[in-house]
1. Could you let me know the centre-to-centre spacing of the range 258-322 and the range 334-361, using Cα atoms, in angstrom?
2. For 256, 427, 346, what's the fewest-to-most ordering of other Cβ within 10 Å of each Cβ?
3. Lys/Arg Cβ at +1, Asp/Glu Cβ at -1, dipole of the chain taken about the Cα centre: which of 300, 55, 268 is farthest positive-ward?
4. Using Cβ contacts closer than 10 Å as the measure, can you line up 110, 209 from fewest to most?
5. Which GluC sites (Glu not before Pro) in the range 369-438 sit in a loop by DSSP (not H, G, I, E or B) and have at most 16 other Cβ atoms within 10 Å of their own Cβ?
6. Can you tell me the FRET efficiency between residue 417 and residue 350 if r is taken as the Cβ-Cβ distance and R0 is 30 Å, rounded to the nearest 0.05?
7. Taking a ≥ b ≥ c as the square roots of the Cα gyration tensor eigenvalues, with a/c under 1.5 meaning rounded and otherwise prolate when a/b beats b/c, else oblate, which class fits the range 239-470?
8. Taking the Cα centre of the chain as the origin and placing charges on Cβ (Lys, Arg +1; Asp, Glu -1), which of 315, 87, 356 is farthest toward the positive end of the dipole?
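What follows draws every value from the coordinates through simple rules; no lab data is involved. Here the structure is a predicted model, which is why all the values come from computation and not from measurement. Cβ placement follows ideal geometry from the backbone for every residue including glycine, while neighbour counts extend to all protein chains displayed.
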Amino acid sequence: MTDATPPTAPAVAARPPSGDGRASFGWPVWAWSLWDWGSAAFNAVITTFVFSVYITSDPFGPNAESSLGWALALAGLLVAVTAPVTGQRADRARRRGFWLAFYTLLVVACSAGLFFITPTPDLLWVGLAVLAAGNIVFELASVNYNAMLPRISTPATVGRVSGMGWGMGYLGGIVLLLIVYFGFISPEVGLFGVTSEDGMDVRVTMLVCAAWTLLFSLPVLLTLRDTPTERVGRQPRQSIAASYRALAVSVRELWHRDRRTVFFLGASAVFRDGLAGVFTFGGVIAAGTFGFSPGDVIIFGIAANVVAGLATIGFGWLDDWIGPKRVIVLSLASMIVAGLLVFVLHEGGTVVFWTVGLVLAIFVGPAQSASRTFLTRLIPEGQEGQIFGLYATTGRAASFLAPTGFAVAITAGVIFTEATNADEAQHWGILGIVAVLTAGLALLLPVREGLRADSALAEADPAEAAGNLP
């Protein structure tokens, strides 16, 4: 098939019976949430804490840091280009379970493949290629994972379900990090006699991460499998070129039919990059401005992730009670105030950052989770993968905002304070993050929340749907 015009009203698959766990926290919700717990092995442990540090170490030669940046930038570009189309193709085939399994297994394979990257300059680009490939398939898996949210939730429970998944991701990453750190990386001789010789401690950690992801992904892969009834309305395959043409048509239709979704994609891209900036640069500010030692930064990072995980789970109830927009507005406003306090109280020492920094951590996860539920309520049935693919694309497109804001604010600080170097004005960097969060909040405020009548959320409340959108 080469027809580029997607149907405006895809056939709706038959609903599963009402006792499938969507109305309460049944096994499907827990199975779905465990994927986040398991996939944090790649996103948090491999990419953020362990392998990125390993592959930029001295044995891999000079310029490893910049090479890592280029590799991950290329991966981000490929995600931005491919995510909407791969999501759309999963929508057409109605095989999200299959594609979630496919991409998850590729994440497992990439994680295990990093075991073979020994500390030598000859393997630098091989390791970066595998790491970049892992990031790509992780994001594509996440598109299908997010698209499953309507299947296991209702308008009355979507906040709690989303919060559970996102919170489990925070907690799972930290639990695994503690296991591999104290089991393999920190001791001179770790579990099973593993040492740091030839990078074996980090390389074995990669195998542990692969096993962790596979183990905790099995529940959702086995529980939320594609069924014949869900594939009712399956559309014929089309070429890649036709998929991109269909995507363009769909985006134009989305703009004409419901601009709220387009506006929200733009607003959320901005404030989500600000949220990412809080964790990306929080440790930098803690060490450079508030005098945290490297050990202190690690301990604070663990505490911040635990706080974020628990808060995200708790705020899911608030999402269902007052709606996702109010949760996002509350979270962003609170983070803006906390960020300004970091700037004003930058000479207060470690106690100040422990206090205000953890306040920042409380609201990161709830804003991210509520952003997902806000969008879920706007997605028409049959377009979940495509819209969440666009969600990934817009996020990647805005990913320069927080780093740029951080750098520009520090430069402004040097100019206004006549500091002799950037380190003396580092605390100004938080103002750049605050500016991004403020811009995202300003863009969000005019966007009206609500539930579409043709929302992808299963068993939507007809009264609520009728009162919000056609």
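1. Using only Cα atoms, the two centres lie 13 Å from each other.
2. Working: 256 9, 427 21, 346 17.
Least crowded to most crowded, the residues run 256, 346, 427.
3. Ranked along the dipole, the leading option is 268.
4. Numbers: 110 25, 209 29.
By the 10 Å Cβ count, ascending: 110, 209.
5. Numbers: sites: 381, 384, 418, 424; in loops: 381, 418.
Passing both the DSSP loop test and the Cβ count: 418.
6. Values: r = 22 Å, r/R0 = 0.75.
Efficiency computed from Cβ-Cβ geometry: 0.85.
7. Numbers: a/c = 2.52, a/b = 1.84, b/c = 1.37.
Cα axes put the range 239-470 in the prolate bin.
8. Farthest towards the positive end: 87.
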